[in-house]
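Participant: Below are the structure tokens for one structure; questions will follow.
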Amino acid sequence: MIRNLVLSLGSLLICMLAFAQRQEALDIKIDFESYDPPSTLVVPEHPKTYSKFPFVDIHNHQWRLGEGDLSQLIAEMDSLNMQVLVNLSGRGGAALKAMVDNVKAQGYEDRFVMFTNINLQSIDEPDWSTETVKQIEYDVSNGARGLKIYKSQGMDNKDKAGNRIPIDDPRIDPVWAKCGELGIPVLIHSADPRPFWQPHDSLNERWLELKLRPGRKREANDPASWEQIIAEQHHIFKKNPGTTFIAAHFGWFANDLSKLSSLLEEIPNMHIEFGAVIAELGRQPRAAAKFFEKYQDRILFGKDAYNPEEYYTYFRVLETEDEYFPYYKRYHAFWRMYGLGLSDDILKKIYYKNAAKLLKLELDQFPQ
């Protein structure tokens with residue numbers, strides 16, 4: 001009997017200790033920002049560090065192509081199978097010419113494409129439209145193959161009266177027309193993800209990003225509503241059917257492919273690239289794969305921020321059928337990725353054929 005009593009007391013003591021330990025664990029506060037447990041899911045994995053086919057990155061920024069040795073950058077591009085890098089930050093004028101000249105001097109003219117940029121802040125000058133069109137003609141004569149419009153040019157740039165310059169300001173119309181005449185595409189970034197304009201609360205899917213980077217949060221009409229800024233972009237697309245436009249970041253509709261599909265049907269001169277929104281596509285693999293199949297001739301490979309290792313996730317989402325693998329920026333997407341498993345024919349179009357057509361590149365520079 002005494003033995004049984006001792007055993008019972010021992011069991012009770014163990015239970016009490018276990019409860020105390022569990023209670024201590026429950027009392028530990030874990031911040032949502034740091035909660036990121038590794039998955040215990042065991043599934044086939046096919047990580048990619050090299051694209052299946054050579055590719056054109058239609059959305060990149062290299063501000064220093066006009067100076068210095070480019071061999072290290074070329075080596076990084078080769079390690080990824082990036083055949084052509086499109087530098088959207090050509091700036092224009094002497095700066096763009098210096099970039100083109102430096103690239104040619106080092107024998108890399110087939111590896112880089114320059115887009116020029118324009119200045120909207122002097123739009124009140126009476127000769128702004130005429131001079132800006134002349135600048136574009138000059139830049140194209142020096143090797144520019146497109147025009148990049150930054151988001152600041154539809155949100156932050158103001159005229160002399162302090163008013164926001166909408167990107168569909170009629171004074172810019174000659175620019176769009178000239179790009180159509182010259183046969184160069186306009187890659188345009190308007191607004192930011194829609195949740196940046198929405199309340200920063202528990203219902204905002206970008207809550208973590210906005211907490212870690214509060215400067216990205218905007219009020220409902222700062223500087224205008226998201227809907228208005230996006231509508232201004234679509235207005236110029238429709239108003240200039242003879243000009244090819246590329247909506248950066250899937251036009252911020254990667255999370256609503258049905259809406260994006262309706263826009264592509266409505267606006268035949270609109271193309272899209274998926275820089276910085278691969279996480280949206282990777283969480284809806286079946287819908288995204290169907291979308292890529294339907295619009296395979298109008299989607300371009302884009303990355304935006306240049307970081308060689310981040311391309312690996314893009315390759316894996318596009319090429320494999322892997323399940324539940326991480327995205328490289330948790331604050332950007334706390335969910336996991338799934339592969340779309342695109343066919344070789346579609347991959348070739350996304351990786352290089354569509355861009356080659358718009359940029360007038362020779363297909364024989366993309367070895368198989």
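Participant: Just to check your reading of the model, which residue among I229, I246, I272 is surrounded by 16 or more Cβ atoms within 10 Å (Cβ to Cβ), in a helix (DSSP H, G or I), modelled with pLDDT of 95 or more and under 21 Å from the mean Cα position of the chain (by Cα)?
Facilitator: I229 is the lone residue from the list that is surrounded by 16 or more Cβ atoms within 10 Å (Cβ to Cβ), in a helix (DSSP H, G or I), modelled with pLDDT of 95 or more and under 21 Å from the mean Cα position of the chain (by Cα).
Participant: When the range 155-175 is examined, which residues are found to be touching a Leu at 6+ places or on another chain (Cβ under 9 Å) and more than 15 Å from S122 (Cβ to Cβ)?
Facilitator: Hit for the range 155-175 is I167, nothing else.
Participant: Another one. Could you list, ordered by first residue, the pairs with Cβ atoms under 6 Å in which the first is in the range 51-80 and closer than 18 Å to E273 by Cα and modelled with pLDDT of 95 or more and the second is buried (at least 18 other Cβ atoms within 10 Å of the Cβ) and among the small types (G, A, S), at least 6 apart or interchain?
Facilitator: Listed pairs, sorted by first residue: V56/A355; I58/G302; I58/A355; H59/G275; H59/G302; H61/S89.
Participant: Could you count how many residues in the range 300-314 are within 11 Å of I350 (Cβ to Cβ) and either in contact with a Leu (Cβ under 8 Å, 6 or more places away or on another chain) or assigned to a loop (DSSP other than H, G, I, E, B) (or both)?
Facilitator: 3
Participant: Moving to a separate point now. Return the residues of the range 203-215 that are under 21 Å from D156 (Cβ atoms), touching a residue at least 40 places away in the same chain (Cβ under 8 Å) and touching a helix residue (DSSP H, G or I) at 6+ places or on another chain (Cβ under 8 Å); say none if nothing qualifies.
Facilitator: Correct list: E209 only.
Participant: Six or more apart or on different chains, Cβ atoms under 8 Å: show the pairs whose first residue is in the range 156-172 and part of a helix (DSSP H, G or I) and whose second is among the small types (G, A, S).
Facilitator: Partner pairs satisfying both residue conditions: R171/S129; I172/S129.
Participant: Would a scan of the range 111-122 turn up a residue that is at pLDDT 95 or above, over 20 Å from the mean Cα position of the chain (by Cα), surrounded by 13 or more Cβ atoms within 10 Å (Cβ to Cβ) and closer than 30 Å to V317 by Cβ?
Facilitator: Checked against the condition, which is being at pLDDT 95 or above, over 20 Å from the mean Cα position of the chain (by Cα), surrounded by 13 or more Cβ atoms within 10 Å (Cβ to Cβ) and closer than 30 Å to V317 by Cβ, the range 111-122 yields at least one hit.
Participant: Then there is this: With A287, A279, A220 as the choices, which residue is in a helix (DSSP H, G or I), more than 18 Å from the chain's Cα centre (by Cα) and without any contact (Cβ under 8 Å) to a residue 60 or more places away in the chain?
Facilitator: Only one candidate qualifies: A287.
Participant: Further, regarding this structure: If I filter the range 121-155 down to residues being in contact (Cβ under 8 Å) with a residue 12 or more places away in the chain and of a type in the set (S, T, Y), which single residue comes out as nearest to A98 (Cα to Cα)?
Facilitator: Going through the qualifying residues, I end up with Y138.
Participant: Of everything in the range 315-349, what is part of a loop (DSSP other than H, G, I, E, B) and of a type in the set (A, V, I, L, M)? Give them in sequence order.
Facilitator: Matches in the range 315-349: A333, L340, L342.
Participant: Which of the residues spanning the range 333-357 are surrounded by fewer than 22 Cβ atoms within 10 Å (Cβ to Cβ), at pLDDT 95 or above and of a type in the set (A, V, I, L, M, F, W, C)?
Facilitator: I346, A356
Participant: May I ask you to say which residue of H234, H200 is touching a helix residue (DSSP H, G or I) at 6+ places or on another chain (Cβ under 8 Å), surrounded by fewer than 19 Cβ atoms within 10 Å (Cβ to Cβ), not β-branched (V, I, T) and not in a loop (DSSP other than H, G, I, E, B)?
Facilitator: Being touching a helix residue (DSSP H, G or I) at 6+ places or on another chain (Cβ under 8 Å), surrounded by fewer than 19 Cβ atoms within 10 Å (Cβ to Cβ), not β-branched (V, I, T) and not in a loop (DSSP other than H, G, I, E, B) holds for just one of H234, H200, which is H234.
Participant: Going by the conditions given, is V175 surrounded by 20 or more Cβ atoms within 10 Å (Cβ to Cβ) and farther than 28 Å from F291 by Cα?
Facilitator: yes
Participant: Let me ask you something else. Would a scan of the range 355-363 turn up a residue that is assigned to a loop (DSSP other than H, G, I, E, B), without any contact (Cβ under 8 Å) to a residue 60 or more places away in the chain and under 18 Å from the mean Cα position of the chain (by Cα)?
Facilitator: No: zero hits.
Participant: Still on this structure: Looking at R330, R283 in this structure, which one is at pLDDT below 95, surrounded by fewer than 20 Cβ atoms within 10 Å (Cβ to Cβ) and out of contact with any Lys or Arg (no Cβ under 7 Å at 6 or more places or on another chain)?
Facilitator: Going through R330, R283 in turn, just one is at pLDDT below 95, surrounded by fewer than 20 Cβ atoms within 10 Å (Cβ to Cβ) and out of contact with any Lys or Arg (no Cβ under 7 Å at 6 or more places or on another chain): R330.
Participant: So how many residues does the range 51-69 have that are among the hydrophobic types (A, V, I, L, M, F, W, C) and either under 15 Å from N307 (Cβ atoms) or crowded, with 21+ Cβ neighbours inside 10 Å (or both)?
Facilitator: Qualifying residue count for the region: 4.
The values are calculated or read from the model by the stated rules, or taken from the named source; none is laboratory data. Please read all numbers here as calculations on a predicted model, not as lab measurements. Note: ideal-geometry Cβ built from the backbone for every residue, glycine included; neighbour counts use all protein chains shown.
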